[in-house]
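Coordinate-derived values only; no laboratory data. Nothing here was measured: the structure is a model prediction, and the numbers come from that model. All Cβ positions, glycine included, derive from the backbone under ideal geometry; neighbour counts span all protein chains shown.
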Amino acid sequence: MSVAATFQRAFRTNRIDPYPMEILKRVDRPTTAVKENKIPRLDERESGFNRALRGDWGASLSHERHRFVAKHPLSGALVQMQFTLSELVDGMAAARQAPGTQDPVRMARHIKETAYFLRADQVGICELPPYSVYSHSMATGEPVELGHKYAIAILIDQDFKTADASVGNDWISNSMSFLSYSTSGFIACILADYIRRLGYPARAHHARNYQVVVPPILLWAGLGEMCRIGDIVLNPFLGPRFKAAVVTTDLPLAIDKPIDFGLQDFCDRCRQCARYCPSGAIPFGDKQMINGYQKWPNDMEKCTRQRVGNKLGSGCGVCVCVCPWNKPYTPFHRFIQWTMRNFPVARNFAVWGDEIMGYVPPNQKNKWWLDLEEVDGELKVPARAGSRGNWRPSG
Ligand code: SF4
Ligand code: SF4
């Protein structure tokens, strides 16, 4: 074999994922114990944000919820795009199935490559768990009927550089979330339309028009494990620094398996998010069986009050910023993540390592956004932003 051919064989790959998903340990069931027959279908109208809006937690929080999106001009612009996308989630499938679309393995690969072409950061596929379908939609108030067989989950990174500069409790936090919601929704709407044009039913689910609960889909699609922060899934390459959209469909697709990268043990030891959470919404204790999931019980009301009622910023993502898995994807950090995945003893040093490497304080040199607050129709410079939580090291 020529030198050139040897080089190409060694370094060129036909891997389709931007991240090396193939090195992760696959398991038959999620690492969180799930009792399917105990999981109730959730009503999206009972979400924390909707309860704040309708005044369950007082008139003042309801008032803040009304101005939550437009409180910062960039977050207002990002959510405006989500409202536009909310009209584009569904439609009629073409009358005939396109040739060559019946092979599930081929189509799973093709759909992932299409999503990556559309600039998704990670994609996973699972069968749609019936319990992940909302009982009622917040957008319409109507009961949800969704019989699709498969779910395609699309992740978008919220951007490490921004997370590195942000304290989490400041004027960019909402925009980080909304960037990922808008972008993943944009990809999901195009992907669902494409699948319908291939002759199969498909519906996009994004932040302004979900009919599905996202975390169980991410678990079964092999995109992460449940973490201490609560009802969110943590990804081995992005940490908690992402948001997701979903496409449900009857297009035949080969499915992925759940992953195990040691996170249940890691979160048992770490607790960094609980130390820094400004509202005390994240527990220090053990997991509990809640609604069919064995998970850490976060306090939805405290978290919602902090994010919606924050006087020092728009939203809150302190837990995302301080998590040891929130890192750039450099060769050094890939090596550290490999040790954390494979050597339980290394997990004891993760928080200490973050302190030594200077990741705990925000890196203000990377700050690029404008601190602005919309008050009574006028943009003002706020007196100050929040901090990375309310915990300080002793000594
Ligand atoms: Fe995370 Fe902030 Fe909510 Fe605490 S209050 S769980 S740090 S978003
Ligand atoms: Fe788990 Fe630590 Fe991240 Fe919290 S900060 S989610 S405990 S790894």
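Structure data summary
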| item | result |
| --- | --- |
| Positions within segment 99-149 being in a strand (DSSP E or B) and of a type in the set (D, E, K, R), in sequence order | GLU127 |
| Selection status of ALA254, over 22 Å from ASP268 (Cβ atoms), among the small types (Gly, Ala, Ser), touching a residue at least 40 places away in the same chain (Cβ under 8 Å) and surrounded by fewer than 24 Cβ atoms within 10 Å (Cβ to Cβ) | yes |
| PHE284 surrounded by 21 or more Cβ atoms within 10 Å (Cβ to Cβ) and within 14 Å of ligand 2 (Cβ to nearest atom) | no |
| Enumeration of residues in segment 307-339 that are farther than 13 Å from ARG241 by Cβ and buried (at least 21 other Cβ atoms within 10 Å of the Cβ) | ARG307, VAL308, ASN310, GLY313, SER314, GLY315, CYS316 |
| Single condition SER279 does not satisfy, out of (1) away from ligand 2 (no atom under 12 Å from the Cβ); (2) surrounded by fewer than 17 Cβ atoms within 10 Å (Cβ to Cβ) | (2) |
| Any pair with Cβ under 6 angstrom, 6 or more apart, that starts in segment 71-95 at a residue that is among the small types (Gly, Ala, Ser) and ends at one that is surrounded by fewer than 21 Cβ atoms within 10 Å (Cβ to Cβ) and not in a loop (DSSP other than H, G, I, E, B) | GLY91/ARG196; ALA93/ARG196; ALA94/ARG197 |
| Subset of segment 236-259 (residues that are within 16 Å of ligand 1 (Cβ to nearest atom) and either touching a Ser or Thr at 6+ places or on another chain (Cβ under 9 Å) or over 25 Å from TYR210 (Cα atoms) (or both)) | ARG241, PHE242, LYS243 |
| Extreme residue, farthest from the chain's Cα centre (by Cα), among residues of segment 81-96 that are of a type in the set (Gly, Ala, Ser) and surrounded by 12 or more Cβ atoms within 10 Å (Cβ to Cβ) | ALA94 |
